[in-house]
Amino acid sequence: GGEYRRSKLFNLLFTYALARRFSGGEGGLTAHAVNPGFVCSDIWRHKSERTQRLYQMYAKTSSQGAEGILRAATEEHYGNRSGYYLVDSVPRVSSTLSYEEAAAEWLWSVSEGLAGVVSFGEPEPIAEDEREAVMTEGV
């Protein structure tokens, strides 16, 4: 439910913050968020056999799901600019909240703190209502 959506939102916020830090592909680095779509992978191993068979009928294989990641990593087009959000290998627009720079900088700062990384500058504080939105909404 909410935790899953929030984790996906955090992935996008972090990717966009990383992309801003390396805009223009400086040093050959780019950052993209990739949603492979519905993939039947080992994550479903705890479901019933019947459910697993149903997933196998409609979901992509792990190899098919990896195609978008490989495209983002290898196609020249995606190496020219950071910050793409790819869904099923197609560039898409993500949720409005995922583009909130203050929320992304707050997440970046929290991540640095958790990782024990020293920041090279403090982000502007995020307003309490924005922080609440980030913590309760999803992609």
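The values are calculated or read from the model by the stated rules, or taken from the named source; none is laboratory data. All values reported here derive from a predicted model rather than from experimental measurement. Cβ sites come from the backbone with ideal geometry, for glycine too, and all protein chains shown count toward neighbours. Please note that ligands, DNA and RNA were not included when accessible areas were found on the heavy atoms of the full protein model with its side chains. Shrake-Rupley method; radii C 1.70, N 1.55, O 1.52, S 1.80 Å.
Structure data summary
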{"quantity": "Global size of segment 48-112 as Cα Rg and Dmax, reported in angstrom", "calculated": "16.6, 45"}
{"quantity": "Segment 41-112 - percent of accessible surface contributed by carbon and sulfur, probe 1.4 Å", "calculated": "52 percent"}
{"quantity": "Pairwise label distance in nanometres, Arg20 with Val87, each label 7 Å out on the Cα-Cβ vector", "calculated": "2.3 nm"}
{"quantity": "Accessible area (Å², 1.4 Å probe, nearest 10) - Phe38", "calculated": "90 Å²"}
{"quantity": "Added length on full extension, which subtracts the Cα-Cα distance from 0.36 nm per residue, Asn80 to Tyr58", "calculated": "4.5 nm"}
{"quantity": "In Hz, Karplus ³J(HN,Hα) per residue of segment 54-68 (6.51, -1.76, 1.60; θ = phi - 60°; x = Gly, Pro)", "calculated": "4, 4, 4, 6, 10, 8, 6, 6, 4, 5, 5, x, 6, 4, x"}
